[in-house]
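The values are calculated or read from the model by the stated rules, or taken from the named source; none is laboratory data. In this text, all values refer to a predicted model and were calculated from it rather than measured experimentally. Cβ: placed from backbone, ideal geometry, glycine included. Neighbour counts: every protein chain shown. Accessible surface areas use protein heavy atoms only, side chains included; no ligands, DNA or RNA. Shrake-Rupley method; radii C 1.70, N 1.55, O 1.52, S 1.80 Å.
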Amino acid sequence: MAQATRDHGWTPYWAPYLSFMVLVEIANRAPHAAAGAFLVLKALVPGALVVWFAVRGRYPELRGLRLDGRILLDVGVGLLGAVLWVAPFLLFDALRPSAAGFDRFQLGERHAGLAIALRFVGYACVTPFVEELFVRSWLLRFVDVFQRRGDFRKVPIARYTRGSFLVVVIFFVFTHLPWEWGVMLGWTLLTMAWFYHRRHLMALVIVHAVTNGSILAFVVLCDGRFLDAAGRAISLWFFV
C-alpha cells in the first residue's frame, strides 16, 4: 500500500483534520449570527479536501472493499457502538452533561430541519472519513515508524502493535470532552477490535458513519421521550 511519492505523505491526512479543528475553534468564538455559516463550513471544507485528495489517488486504503455480507456486519458494529454510546447516559442521570448540545434552531425555528440536515452531513458523512483517515490510517501507522523515521505508508493497514494501539486509544478518548471519555473508551475498544478483524479502513468509515448517523437519528426521533429520576423529560441534543 506504499506510494511512490516524493513527499512525506502527511498532507492528505492532516489537511482535512486540521481544517475541521480550526473551524471548530473559530466557530466557538464567532458571534451567534455566524453559526449557520460555520455549520456549512465545518462540513464543506474538510469534506472538499477529502474528495480533492481522493480523486488524486492519495487514499489507496479506501479502495477495494468487497461488497459482500460483511458490510452488514460493519453496520451492526456501528449500531452496537451507538447503543454503547447512548445507553449509559439514559440509565444514569449523573453521567449526563449540563451542556445543551446542538442548537437545531440556530438558523431559526423555520429552518430547524435544514440545520439538522447540515449537522447530519458533517457528523455522519464527513467526520467519519476525516477522523478515520487521520487516526486509524495515518496516526496508527506513523507510531510504528516514528523512532526510525520511516514512511508510514509502508506499514500495512490495521497492523497491530501495542504502542500504536495504545496511542490511538488515548488519542480518541482524550480528544473528546471529559463527560464522553467513558463511552468513547468503550466505542474505541470495540471498533479497534473490529478494525484488526476487518483490516480495511473503509469498513471502519462505515462503522463510524453508522454510529454517528444512528445517534443523530435517535436524538431526532426520541428527544423528550425519556424521563430522568425526577420525572422530567430528557433533552438528547447533548449527544450531537
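Could you list, in sequence order, all residues of the stretch 189-226 that are within 11 Å of the chain's Cα centre (by Cα) and polar (S, T, N, Q)?
Taking the stretch 189-226 first, the residues within 11 Å of the chain's Cα centre (by Cα) are 204-213.
Once the filter is applied, which keeps residues that are within 11 Å of the chain's Cα centre (by Cα) and polar (S, T, N, Q), the stretch 189-226 yields T211, N212.
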With respect to T5, determine if the residue is modelled with pLDDT of 95 or more and among the polar types (S, T, N, Q).
-> no
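Out of curiosity, is H197 in a helix (DSSP H, G or I) and open to solvent by less than 60 Å² (accessible area, probe 1.4 Å)?
No, not satisfied.
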Can you tell me how many residues in the stretch 200-223 are in a loop (DSSP other than H, G, I, E, B) and closer than 22 Å to L118 by Cβ?
-> 1
How many residues are under 18 Å from L139 (Cβ atoms) and open to solvent by 10 Å² or more (accessible area, probe 1.4 Å) if we restrict to the stretch 177-186?
-> 1
Is there a residue being farther than 15 Å from L140 by Cα, out of contact with any Phe, Trp or Tyr (no Cβ under 9 Å at 6 or more places or on another chain), in a helix (DSSP H, G or I) and open to solvent by less than 40 Å² (accessible area, probe 1.4 Å) anywhere in the stretch 156-176?
-> no
Hits in the stretch 96-113 (condition: closer than 26 Å to A229 by Cα and open to solvent by less than 40 Å² (accessible area, probe 1.4 Å)) = P97, F102
Report yes if some residue within the stretch 87-95 is aromatic (F, W, Y) and part of a helix (DSSP H, G or I); otherwise report no.
-> yes
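Can you work out which of the residues in the stretch 58-92 that are among the small types (G, A, S) and in contact (Cβ under 8 Å) with a residue 24 or more places away in the chain is surrounded by the fewest Cβ atoms within 10 Å (Cβ to Cβ)?
We begin by selecting, within the stretch 58-92, every residue among the small types (G, A, S); these are 64, 69, 76, 78, 81-82, 87.
Checking the rest, the ones that are also in contact (Cβ under 8 Å) with a residue 24 or more places away in the chain come to 64, 78, 81-82.
Working: G64: 9, G78: 27, G81: 24, A82: 21.
Among them, the one singled out is G64.
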Consider R148 against the criteria (1) under 16 Å from V205 (Cβ atoms); (2) at pLDDT below 95: it satisfies all of them except one. Which criterion is unmet?
-> (1)
Residue list for the stretch 16-44, filter: within 22 Å of H111 (Cα to Cα), assigned to a helix (DSSP H, G or I) and open to solvent by 50 Å² or more (accessible area, probe 1.4 Å) = N28, H32, A33, A37, V40, L41, K42, L44
Only one of (1) surrounded by fewer than 20 Cβ atoms within 10 Å (Cβ to Cβ); (2) assigned to a helix (DSSP H, G or I) is not met by F129, so which one is it?
-> (1)
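Which of the residues that make up the stretch 199-229 are among the aliphatic types (A, V, I, L, M) and free of Cβ contacts under 8 Å to residues at least 12 places away in the same chain?
First, pick out the residues of the stretch 199-229 that are among the aliphatic types (A, V, I, L, M): 201-207, 209-210, 215-217, 219-221, 227, 229.
A217, L221, L227 - these are the residues of the stretch 199-229 that are among the aliphatic types (A, V, I, L, M) and free of Cβ contacts under 8 Å to residues at least 12 places away in the same chain.
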